[in-house]
Amino acid sequence: VICYMVAAILGLADAGLFDCPKLASIPPPKNITELHPSHISIAIAVGDSITAAFSADSNLNEARQLSWSIGKGSEDQLTLPWLLEQYSPKVEGQSTKAVLPNGITHLPHGDYHPKCDGLNVAESEGSANRGSVDEQWGLIMQNKGKYEKFDSRWKVLTYWMFANDVCGMCNQPANQSHAYTTWVEKTEDFLTNVTSSFKNVYVNLMSMLDLSNIHRIQQSKVYCSLLHKYILKECGCIDKGTPAQLQMLDDNIHFMNKRLHKFAADWHVKLQQQKRTDIAIVTQSGFEGIGKSLDWTFLSKLDCFHPSAKAHQSLGIGLWNSMLCTEDREHRCGIVFKPDMKPTCPTEKSVFYTGPDVIPGPPNEAW
């Protein structure tokens, strides 16, 4: 009995966060409402330094191989593509290597590494207001031909172009900001491009956590506080903002999150009217309102700003869980955002959510 107990304990330890059972072969989907993780064979990501995974390993590299939504990942560093690979016989598009930002003097432009980035076209300092949405769409179109039968294969595309567009909105409501107007226009253009150029694609629109908490964490550590007081200037008022400015920042994040939900709701109707059964555009709201429990382990030890490797893993699992949350999206399927959160285990009958947009209630977090 003792031997069996020891074996069971060791087995659980070896399993790590991912301990889901293998599944039988699942037939191809007739349409996107039947889309299962095993059907995805290409991953794509658009975004900024978060998705480029800048300083995730607490150095000056973009640790793109562990990026939450598009990194190759490993059993010790779970990412969305790694989780997909546990069910799909073939997944391509992941970024595979840590690299220095390309062309650091003119970021975000040109921050793409053809040999290892795959379809991770995210650029450090990227934002809609700096032309990054257009540039990254161009990179997708330039590189999609490298993937055999790209058009007919099922794809997941994750869009998180947000942080650098909201960072400067600390002194006025977003709806009075030209930066907000540009972000809306570029996001709509991007979705129009995707739906008119691609088929068989599931699009994640990622909402944002409450960034004022980054300031709180920075102030809790002497090194971080001094670094951001005297040396670094990151993301508008996060470093040195007043309480009123930080509240305005969070209010504008909430406003832009609601706009993402409107994108998803509007496109859900448009795609139905167009009789498109091969595309879904879904706002994944697992990060909305998150932040109050976060501590310094969520951030890079180098710059006390960008997400750490630990954070990337939880962000990747959070996205996966949100995609598979189909029954109770208002309450986020009861999922708690925390460092040791486990990925949802799909069954043969599981599908990614493709229904009408759902505004979530308050988050559950325990970082």
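From the list 171, 204, pick out the single residue that is more than 25 Å from residue 353 (Cβ to Cβ) and either assigned to a helix (DSSP H, G or I) or at pLDDT 95 or above (or both). Lay out the reasoning, then the answer.
Numbers: 204 fails: more than 25 Å from residue 353 (Cβ to Cβ).
When all the criteria are applied, what remains is 171.
Looking at segment 11-62 only, could you name the residues that are surrounded by 21 or more Cβ atoms within 10 Å (Cβ to Cβ), charged (D, E, K, R) and out of contact with any His (no Cβ under 9 Å at 6 or more places or on another chain)? Correct list: 48 only.
Of all residues in segment 79-126, those that are open to solvent by 30 Å² or more (accessible area, probe 1.4 Å), free of Cβ contacts under 8 Å to residues at least 60 places away in the same chain and on the phi > 0 side of the Ramachandran plot total 1.
If the condition is being over 22 Å from residue 190 (Cα atoms) and either outside any loop (DSSP other than H, G, I, E, B) or of a type outside the set (A, V, I, L, M, F, W, C) (or both), then segment 44-66 contributes 54, 55, 57, 58, 59, 61, 62, 63, 64, 65, 66.
Consider segment 221-267. How many of its residues are among the hydrophobic types (A, V, I, L, M, F, W, C) and within 19 Å of the chain's Cα centre (by Cα)? Let's see the steps before the verdict.
Here is the first cut: in segment 221-267, the ones among the hydrophobic types (A, V, I, L, M, F, W, C) are 222, 224, 226-227, 231-232, 235, 237-238, 244, 246, 248-249, 253, 255-256, 260, 263-265, 267.
Retained after the next criterion (residues that are within 19 Å of the chain's Cα centre (by Cα)): 235, 253, 255-256, 260, 263-264.
So the count comes out to 7.
In the set 339, 362, 343, only one residue is closer than 26 Å to residue 167 by Cα and within 17 Å of the chain's Cα centre (by Cα); that residue is 339.
Residues of segment 275-298 that are over 30 Å from residue 246 (Cβ atoms) and out of contact with any helix residue (DSSP H, G or I) (no Cβ under 8 Å at 6 or more places or on another chain): 275 alone.
Going by what's in this entry, would residue 245 be described as modelled with pLDDT of 95 or more, open to solvent by 20 Å² or more (accessible area, probe 1.4 Å), closer than 29 Å to residue 353 by Cβ and not small (Gly, Ala, Ser)?
Working: modelled with pLDDT of 95 or more: yes; open to solvent by 20 Å² or more (accessible area, probe 1.4 Å): yes; closer than 29 Å to residue 353 by Cβ: no; not small (Gly, Ala, Ser): yes.
So residue 245 does not fit the description; no.
The values are calculated or read from the model by the stated rules, or taken from the named source; none is laboratory data. For clarity, every value in this text was computed on a predicted model and none was experimentally measured. Positions of Cβ are generated from backbone atoms using ideal geometry, with glycine treated the same way; all protein chains shown enter the neighbour counts. Only protein heavy atoms, including side chains, enter the accessible area calculation; ligands, DNA and RNA are left aside. Shrake-Rupley method; radii C 1.70, N 1.55, O 1.52, S 1.80 Å.
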